[in-house]
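Notes to accompany the following structure.
The values are calculated or read from the model by the stated rules, or taken from the named source; none is laboratory data. Because the structure is a prediction, the values reported are computed rather than measured. For neighbour counting, all protein chains shown are included, and Cβ atoms are generated from backbone atoms with ideal geometry for every residue, glycine included.
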Amino acid sequence: MKEKETYDGFMKHNYLRIKEELERQMRTGELAVGTKLPSEPDMASEFKVSRETIRAAVKQLEREGKLRVRRGIGRFVVRPLAVIPSSIDHLSSTSEMINSSSLKKGERHESIRIEPCQEEWAHFLEISPQDPVTIIERIRMADGEPVSFNINIMPYALVGEVFQTKPLQGSLMQMLETECGIRIVSANTELIVPPPSDRNCDKLKEKPEATVILLKQTHYDEDQVPILFSYDYFRNDVFKFWVRRVR
C-alpha cells in the first residue's frame, strides 16, 4: 500500500510539472493558439514519463479550457475565456458579471411566451397554479461563446405586456426597473449540480468535458414581494462563484 501511495504522489508531482511546462509554452507562444499538441507517445518520450502521466496533464488542461479535442485528429491549443468571478452573497445580473470581466457580451433569445404557472413556480412566486406568467429563455454569450442559459418566470399581473412590446437586451433587472418600476434588491439562491438528464445543460456544452452549475433563484423587491423565479445555468469553466463564510 505504501509503495502505491509513493507512486501516486510521484505521478501527481510529474503531471503537475508537465502541465505547468505546457502552460508556460502557451504563455510564451511556443505553443500558439491553434497548435496541435504532439502525440502522447512523443510527449512521454520528450518528458521521460509514462503516457498515463502525460494523459493526466493534458486532461487537466482540457478541463480548464486550454486545450480542445478534435476527435480522431488530436488536441489543439485554444484561448480560454477569462474566468468571471462572482461573490454569491452579492446580487448581480448576468450582464453585470460579464461586463466586469471585460468580455464582449451578446445574447440569443430562445423564447418569450405567456403560459399558465406550474406548481413549483407558483410556490416560489406566491401565486396560484395556472395563473398566467411571462417566461423568457435566453442564452448569454461572452466573446461569441454561450456561457449561461437563463429561464426567467414572472407573474403576468406584475409585468403585463412589457416583454411582448419592447425588446429585451441586456439586464432583465434593469428593464424591470425602467419599464415596470420594479426594483429587485435580493434573492434566495439554491446551488444545484444538474443531473445528466437535464437537457438544458446541452445548450452550454461547448466542450465535452465542460460542467454546468444551476442557480435556482427567487428574486424579491424592496417590500420582499417575489418578482422573479429563475433557473440560471452557468458554465463552471467560465463563472466562479464564491461565498464568504465567517465563524
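Tabulated data for the structure shown
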read-out	value
Pair list, Cβ under 8 Å, 6 or more apart: segment 108-125 residue without any contact (Cβ under 8 Å) to a residue 60 or more places away in the chain, other residue polar (S, T, N, Q) and surrounded by 14 or more Cβ atoms within 10 Å (Cβ to Cβ)	112/134; 113/134; 114/134
Lone unmet requirement of (1) under 25 Å from the mean Cα position of the chain (by Cα); (2) at pLDDT below 80 for residue 13	(1)
Criterion violated by residue 84 - all others in (1) under 29 Å from residue 162 (Cα atoms); (2) of a type in the set (Val, Ile, Thr); (3) modelled with pLDDT under 80 satisfied	(1)
Candidates 238, 185, 243, 212 - the one that is surrounded by 13 or more Cβ atoms within 10 Å (Cβ to Cβ), touching a strand residue (DSSP E or B) at 6+ places or on another chain (Cβ under 8 Å) and farther than 28 Å from residue 117 by Cβ	238
Meets criteria (in contact (Cβ under 8 Å) with a residue 24 or more places away in the chain, of a type outside the set (Asp, Glu) and outside any loop (DSSP other than H, G, I, E, B)) for residue 33	no
Unique residue being surrounded by fewer than 12 Cβ atoms within 10 Å (Cβ to Cβ) and on the phi > 0 side of the Ramachandran plot when the list is 144, 160, 170	144
Failed criterion for residue 102 (all others in (1) modelled with pLDDT of 75 or more; (2) of a type outside the set (D, E, K, R); (3) surrounded by fewer than 16 Cβ atoms within 10 Å (Cβ to Cβ) hold)	(1)
Residues being aliphatic (A, V, I, L, M) and surrounded by 15 or more Cβ atoms within 10 Å (Cβ to Cβ) - total across segment 188-209	1
Of residues in segment 134-185 being farther than 21 Å from residue 90 by Cα and basic (Lys, Arg), the one modelled with the lowest pLDDT	166
Residues being under 13 Å from residue 77 (Cα atoms) and acidic (Asp, Glu) - total across segment 26-50	1
Of all residues in segment 215-226 being of a type outside the set (A, V, I, L, M) and touching a strand residue (DSSP E or B) at 6+ places or on another chain (Cβ under 6 Å), the one that is surrounded by the most Cβ atoms within 10 Å (Cβ to Cβ)	219
